[in-house]
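Derivation of every value follows stated rules applied to the coordinates shown; laboratory data play no part. Quick caveat, the model's predicted, so the values are computed rather than measured. Positions of Cβ are backbone-derived with ideal geometry, glycine not excepted, and every protein chain shown enters the neighbour counts.
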Amino acid sequence: MNGFDRNVILWLNQFARREVWFDELMVLINRGVLVKGGVAMTLTWWLWFRPREDLRSVRTGILTALLGGFVSLMMGRALALLLPFRVRPIHDSSLGFVMPFATGPGDFRGWSSFPSDHAMMYFAIAVGLGFVSRGVGIFLTLWTLIVVCLPRVYAGLHYPTDILGGALIGCLIAWLLQRPPVRERLGGTVLEWSERHPAPFFAAMFLVTFGISNMFTDARQMVQFALDLVRRGRG
């Protein structure tokens, strides 16, 4: 572990177990979806229906931002599986980490710490929506850093470099997808389809934004369940 990670983790960890309500609040934020994906998706729908002269450009950017978030989440899980395993601070016995109240040593055991898929997905969405509305982009970037990512470091789920690495990758994905030719090819194509088929489009958009709100937890669990069944069958 590098000195930067150790110093930041241990500095934050000095506040653990001082106040039960504070630790429980951090855990509630970590486990909840309302203050994370709920806020981001509420602003997404607000941008979608807010009257604007350049409405087509706005909606194309929104669709591409959502795609960036999804791609970042999938890439985050792939990198966590492909890169060398990195134990989370909460499971690193050499660190001397003091677990905050309401946390347990079994949290995310067996899951690699790097990169943070939360940071990848939410920073990608924040940067992507920043191309649509600078104010929303700045707000969501700060919200992601302070409300989404900082509590995860406090709870020992990630090192600071997990967050920084995930943020950089997510921002890069968002920036690449928002290049005008790419944005028009991807978001523009979906938008044209939505104008011809509004009913299935909005049904799909509901599912997509709901899934992003909870980071597709149910879908990922179903996939894992199916993979486990296949392994048992082969065994």
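Charges only on Cβ, +1 for Lys and Arg, -1 for Asp and Glu: so what's the dipole of the stretch 3-234 about the Cα centre, in debye to the nearest 20?
So the magnitude is around 340 debye.
If you take the beta carbon distance between Phe85 and Ala203 as r and set R0 to 45 Å, what does 1/(1 + (r/R0)^6) give as a FRET efficiency, to the nearest 0.05?
For Phe85 and Ala203, the calculated efficiency is 0.70.
Which of the following values of Kirkwood radius over Cα pairs in Å was calculated from the structure shown: (1) 20.5; (2) 18.9; (3) 18.1?
Answer by label: (2).
What size of dipole, in debye to the nearest 20, comes out for the stretch 1-129 about its Cα centre when the only charges are +1 on Lys and Arg C-beta atoms and -1 on Asp and Glu C-beta atoms?
Dipole of the stretch 1-129, to the nearest 20 debye: 200 debye.
Considering only the other residues whose Cβ falls under 13 Å of the Cβ of Pro198, what net charge follows from Lys and Arg at +1 and Asp and Glu at -1?
On the way: positive: Arg59, Arg196; negative: Glu192, Glu195.
Spelling it out: positives minus negatives among the neighbours equals 0.
What residue among Leu34, Leu73, Leu164 shows peak mean-square fluctuation when the chain is described by a Gaussian network model with Cα springs under 10 Å?
Greatest mean-square fluctuation among the candidates belongs to Leu34.
How high is the FRET efficiency between Arg52 and Asp218 when r is their beta carbon distance and R₀ equals 30 Å, given to the nearest 0.05?
My answer for the efficiency is 0.35.
Let me have the 222 nm mean residue ellipticity of the chain computed from DSSP H runs of 4+ only, each contributing -39500 (n - 2.57), with the sum over all residues rounded to the nearest 500.
Values: 12 runs with 155 residues, N = 235.
Only helices count here, giving -21000 deg cm²/dmol.
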